[in-house]
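Before any comments, here is the structure.
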Amino acid sequence: METKQRNSNIELLRIMSMISVIILHYNNPGIGGGLSQVSDSLNHFILFVLESISICAVNLFILISGYFLCRSSKRQLIKPIELIIQVIFFSVVLYIVKICVGAETLTIKGLIMTLVPSNWFVILYSTLYIISPYINILLEQLSGKQKKKMVIVLFAIFSVWPTIVDLSGEILGKEWIGLSSVGMYGSEWGYSIVNFLLVYIIGAYLYHMEESQNKRNKKQLLFCLLMTILIITGWAFLNERATLFTERSAWEYCNPLVIIEAVIIFLLLKNMKPFYSKIVNNLAKGCFTVFLLQNTFIRKLHIDKYINGNVLLLLFHLLLNCVVIYIICWIIYIIYTVITKPFFKMLEKKLL
């Protein structure tokens, strides 16, 4: 989305975030079904750890955006339009394919529904992209001390408190309506513009305070990351005893530990020696297409055949499919770009 050229450290982070999304959906009961079908204790533990590592994927992507988008208040309307059109394009194509193979019947209602870009991430990210210049103006007016205080206050109000409310609801077996600072019906597990704004501001803060901060010790960061993953994993196992919510508080996007995990991973990769890789940068361009299409492929993986077998075979199946799905989606992205590039060039000229 951002116009500035990135080094390959950051582009690699983008790829990692999309690989993590594939892992999350591999485990998701309603998509791949990994966590709902696993019974073997070791496999169960491995999937829990991978889930806890991957759960920061969306936050990581937004954090990167905040780190770069805070540098400029210029925005191109064509950017969110491109995202929305891509959602509609693939929705229509998939609907046509399902009709051709007999999985769907052509109906007026079905056709209309494919034209509705009902993708939570796209809508929230587009909203964030449009309003982010006003956030940037605010941040530019604040001193370093004021920025730090703002991040702490927002983190406490929109991450710590909503998570405490959700966790207490799990423990007591009660849904606290009207107690969360995010919305009447709770935190939305971080699937909200509130969480996107919070993580964006943290990313922007990391950029603004970069020169005044010493680089974090790599060993300290790695230790903090390990402890964070272990705590999230243990928390998630305890969540299994609670049946009030379909989502675990440990794996909420707004969970302070999940946000901290994204920050640590970002700092680890950013503070590495910068490198340039044309392959990495080109692969990173297909991230959004991977996000849109990976569910289609995950549902065809027959995960049930591997989920309770040999743990090494399970890991091989998971990691191989992460790579294969990413490459397939990237190839589709290239084809899509070739097809739509003339249209978007024409549209951009009309919007300028």
Considering only residues of segment 172-194 that are farther than 12 Å from residue 159 by Cα and without any contact (Cβ under 8 Å) to a residue 40 or more places away in the chain, which is least open to solvent (accessible area, probe 1.4 Å)? 183
Checked 279, 264 against criteria (modelled with pLDDT of 95 or more and either over 21 Å from residue 25 (Cα atoms) or open to solvent by 20 Å² or more (accessible area, probe 1.4 Å) (or both)); the one match is 264
Flag if residue 64 is out of contact with any Leu (no Cβ under 9 Å at 6 or more places or on another chain), part of a helix (DSSP H, G or I), of a type in the set (Val, Ile, Thr) and over 30 Å from residue 240 (Cα atoms): no
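Got at least one residue in segment 89-98 being assigned to a helix (DSSP H, G or I), in contact with a helix residue (DSSP H, G or I) (Cβ under 8 Å, 6 or more places away or on another chain), open to solvent by 30 Å² or more (accessible area, probe 1.4 Å) and in contact (Cβ under 8 Å) with a residue 40 or more places away in the chain?
yes
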Take segment 157-170 and flag every residue that is open to solvent by less than 50 Å² (accessible area, probe 1.4 Å) and more than 21 Å from the chain's Cα centre (by Cα). 165, 168, 169, 170
Is there any pair linking a residue in segment 110-138 that is more than 20 Å from residue 290 (Cα to Cα) to one that is modelled with pLDDT of 95 or more and aromatic (Phe, Trp, Tyr), with Cβ under 7 Å and at least six apart or on different chains, and which? 128/196; 128/200; 132/200; 135/200
Test residue 222 against the criterion of being open to solvent by 30 Å² or more (accessible area, probe 1.4 Å), modelled with pLDDT of 90 or more and either of a type outside the set (S, T, N, Q) or at positive phi (or both), and give yes or no. yes
Would a scan of segment 62-69 turn up a residue that is open to solvent by less than 10 Å² (accessible area, probe 1.4 Å) and touching a Cys at 6+ places or on another chain (Cβ under 6 Å)? no
Restrict the check to segment 135-155 and report whether at least one residue is open to solvent by 60 Å² or more (accessible area, probe 1.4 Å) and part of a loop (DSSP other than H, G, I, E, B). no
Of the residues in segment 297-312 that are open to solvent by 50 Å² or more (accessible area, probe 1.4 Å) and more than 15 Å from residue 41 (Cα to Cα), the one that is farthest from the chain's Cα centre (by Cα) is 305
Can you spot a residue in segment 19-39 that is modelled with pLDDT of 95 or more and either of a type in the set (Gly, Ala, Ser) or surrounded by fewer than 17 Cβ atoms within 10 Å (Cβ to Cβ) (or both)? yes
Set 232, 157: member being out of contact with any Gly (no Cβ under 9 Å at 6 or more places or on another chain), modelled with pLDDT of 95 or more and closer than 14 Å to residue 249 by Cα: 232
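Does residue 126 satisfy the criteria of being farther than 25 Å from residue 68 by Cβ, touching a helix residue (DSSP H, G or I) at 6+ places or on another chain (Cβ under 6 Å) and part of a helix (DSSP H, G or I)?
no
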Name every residue in segment 35-48 that is within 15 Å of residue 312 (Cα to Cα) and either touching a Ser or Thr at 6+ places or on another chain (Cβ under 6 Å) or in a helix (DSSP H, G or I) (or both), in order of residue number. 41, 42, 43, 44, 45, 46, 47
Residue 345 being assigned to a helix (DSSP H, G or I), surrounded by fewer than 19 Cβ atoms within 10 Å (Cβ to Cβ) and among the charged types (D, E, K, R): yes
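Okay, residues lined up against (1) in contact with a strand residue (DSSP E or B) (Cβ under 6 Å, 6 or more places away or on another chain); (2) more than 17 Å from residue 88 (Cα to Cα); (3) hydrophobic (A, V, I, L, M, F, W, C); (4) in a helix (DSSP H, G or I):
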residue	(1), (2), (3), (4)
105	no, yes, no, no
109	no, no, no, yes
112	no, no, yes, yes
117	no, no, no, no
133	no, yes, no, yes
Could you grab me the full set of residues in segment 294-352 that are among the acidic types (Asp, Glu) and either over 28 Å from residue 75 (Cβ atoms) or modelled with pLDDT of 90 or more (or both)? 304
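The values are calculated or read from the model by the stated rules, or taken from the named source; none is laboratory data. Everything numeric in this text was worked out from a predicted model, so none of it was measured. Glycine also receives a Cβ, built like all others from the backbone with ideal geometry; neighbour counts cover every protein chain displayed. Each accessible area value is taken on the protein alone, full model and side chains, heavy atoms only, with ligands, DNA and RNA left out. Shrake-Rupley method; radii C 1.70, N 1.55, O 1.52, S 1.80 Å.
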